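Chemist: Following this message is one structure expressed as structure tokens.
The values are calculated or read from the model by the stated rules, or taken from the named source; none is laboratory data. Because the structure is a prediction, the values reported are computed rather than measured. With ideal geometry, Cβ positions are generated from the backbone for all residues, glycine too; neighbour counts draw on all protein chains shown.
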Amino acid sequence: MIRALMMRLMGRKPPGGIDCHAVGKLLQQYLDGHVDGDQAQRIAAHLEDCRRCGMEAETYERIKTSLADRRHEVPAESIERLRDFAARLVRGEEPHQP
């Protein structure tokens, strides 16, 4: 952040033309593929040039991959029971015990 501020004061753009604060706000959306093309390119350039932000993005990616590898499929009947339970609560009914 200080580096980006110093660069602005000296008339230089931060890495990728976007500062660390802006990248931090958009990082999760970027990693999930929910950022438009131009902005995604600027974020990617920043992540390449800024070691701190690049390491943060890498850490998030490792966490996402680790969680995805441990994900188990939820049985369809469990999802249906949960939906039924929620519907009963919405209608003000007492949920029945199995």
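Chemist: For segment 29-53, which positions are under 14 Å from the mean Cα position of the chain (by Cα), in a helix (DSSP H, G or I) and more than 11 Å from Ile18 (Cβ to Cβ)?
Modeler: Those that are under 14 Å from the mean Cα position of the chain (by Cα), in a helix (DSSP H, G or I) and more than 11 Å from Ile18 (Cβ to Cβ): Gln29, Leu31.
Chemist: Can you spot a residue in segment 37-50 that is exposed (fewer than 13 other Cβ atoms within 10 Å of the Cβ), of a type in the set (Asp, Glu), under 20 Å from Thr65 (Cα atoms) and modelled with pLDDT of 90 or more?
Modeler: Within segment 37-50, not a single residue is exposed (fewer than 13 other Cβ atoms within 10 Å of the Cβ), of a type in the set (Asp, Glu), under 20 Å from Thr65 (Cα atoms) and modelled with pLDDT of 90 or more.
Chemist: I would also like to ask the following. Where residues in segment 55-77 are of a type outside the set (A, V, I, L, M, F, W, C) and assigned to a loop (DSSP other than H, G, I, E, B), which of them is modelled with the lowest pLDDT?
Modeler: As a first pass, look at segment 55-77 and keep what is of a type outside the set (A, V, I, L, M, F, W, C): 56, 58-62, 64-66, 69-73, 75, 77.
Among the residues that remain, those that are also assigned to a loop (DSSP other than H, G, I, E, B) are: 70-73, 75.
Working: Arg70: 77, Arg71: 70, His72: 73, Glu73: 75, Pro75: 76.
Among those residues, the one meeting the criterion is Arg71.
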